[in-house]
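The values are calculated or read from the model by the stated rules, or taken from the named source; none is laboratory data. Keep in mind that this is a model prediction, so the values were computed, not measured. All Cβ positions, glycine included, derive from the backbone under ideal geometry; neighbour counts span all protein chains shown. Each accessible area value is taken on the protein alone, full model and side chains, heavy atoms only, with ligands, DNA and RNA left out. Shrake-Rupley method; radii C 1.70, N 1.55, O 1.52, S 1.80 Å.
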Amino acid sequence: MARNKRGREAREAVVEEVDGGLAELIPDRDRPRAWTLLVDGAPQSHVDLDEPAYLDFEYQRRIGHIADLVAPPGKPVHALHLGGGAFTLARYVAATRPRSTQQVVERDTALVRLVRRELPLDAQARVRVRGTDAREGLAKVADGWADLVIADVFSGARTPAHLTSTEFLADVRRALKPGGYYVANLADGPPLAHLRGQLATAAALFPELALAADPAVLRGKRFGNAVLLASDRPLPVAELTRRCAGDPHPGRVEHGRGLLDFSGGAAAVTDAAAVASPAPPPSVFR
């Protein structure tokens, strides 16, 4: 590595073909050991090897807040990550809840090799990575194993259809402990038909729901990410709302009647009718 005028090592991007397309690890110029992972130009993860509890992406901050609230601070949990990326959220849980046991399901085994080589996991982290499809990996998880299931799976910047259905969520609920949390990163834009359908699908399996997102996304003003939280126990809505509102890019939390009104009478999605989430407009990643 060359050195810049300030004496720091000038890191170069790492570019490599993986199963899902062209992966790029771009160095963060403001953080000496931080990188952003892109696949075919779409941002997938941001990792700071010196500070794994740092979450750069807005939606990942919101998921991090939920991970903080799933159990008392610092208590180890069982976490299942459907979709690996650069293992950002698995690193976060390992840093904030030492001795947690985690499974990551990521079908792109070439991407896993790249991330392990360039952004190695802490040797003390109890993280097992399975190289298979998210739904197939979920099916192998024991009943009632997980305190937390995080679904953040994208193929070509779209969530695959088979991860949007009631049948998929029935298996998520099977894998969750009583009182466990299911969290999903959902991407949509106006008129938000996909997001409303996913709310109806989750409501068919879970009695308690909340949704956290940028207010402009919830108003249907732009394409973006929304974080769905579902459980069979009452949710810490007030604390989640406070934390999301205090982020650098404040988010809004909808729940209860407001969330029911937002879903607009959408129907639950089954395997037979499932389609992938909409593709983001080209301007999103510019």
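The residue list G41, G21 contains one member that is of a type outside the set (K, R), more than 19 Å from the chain's Cα centre (by Cα) and either open to solvent by less than 30 Å² (accessible area, probe 1.4 Å) or at pLDDT below 95 (or both), which is G21. The set of residues from the range 236-263 being open to solvent by less than 60 Å² (accessible area, probe 1.4 Å), of a type outside the set (S, T, N, Q) and in contact (Cβ under 8 Å) with a residue 40 or more places away in the chain comprises P236, E239, L240, C244, D247, G251, V253, E254, L259, F262.
Among the criteria (1) of a type in the set (A, V, I, L, M); (2) within 22 Å of N185 (Cα to Cα); (3) in contact with a strand residue (DSSP E or B) (Cβ under 6 Å, 6 or more places away or on another chain), the one A139 does not fulfil is (3). If you go through the range 206-215 and keep only what is more than 17 Å from the chain's Cα centre (by Cα) and open to solvent by less than 20 Å² (accessible area, probe 1.4 Å), you end up with just F206. Tallying residues that are within 22 Å of L176 (Cβ to Cβ) and touching a Gly at 6+ places or on another chain (Cβ under 6 Å) within the range 220-250 yields 1. Take the residues in the range 222-235 that are among the small types (G, A, S) and crowded, with 20+ Cβ neighbours inside 10 Å; name whichever of them is farthest from P191 (Cα to Cα). It comes out as S231.
Residues in the range 195-205 that are surrounded by fewer than 21 Cβ atoms within 10 Å (Cβ to Cβ) and in contact with a strand residue (DSSP E or B) (Cβ under 7 Å, 6 or more places away or on another chain): A203 only.
Would you say A53 is within 18 Å of A146 (Cβ to Cβ), among the aliphatic types (A, V, I, L, M) and open to solvent by less than 50 Å² (accessible area, probe 1.4 Å)? Spell out how you get there, then give the answer.
Details: within 18 Å of A146 (Cβ to Cβ): no; among the aliphatic types (A, V, I, L, M): yes; open to solvent by less than 50 Å² (accessible area, probe 1.4 Å): yes.
Taking the combined requirement at face value, the residue does not satisfy it.
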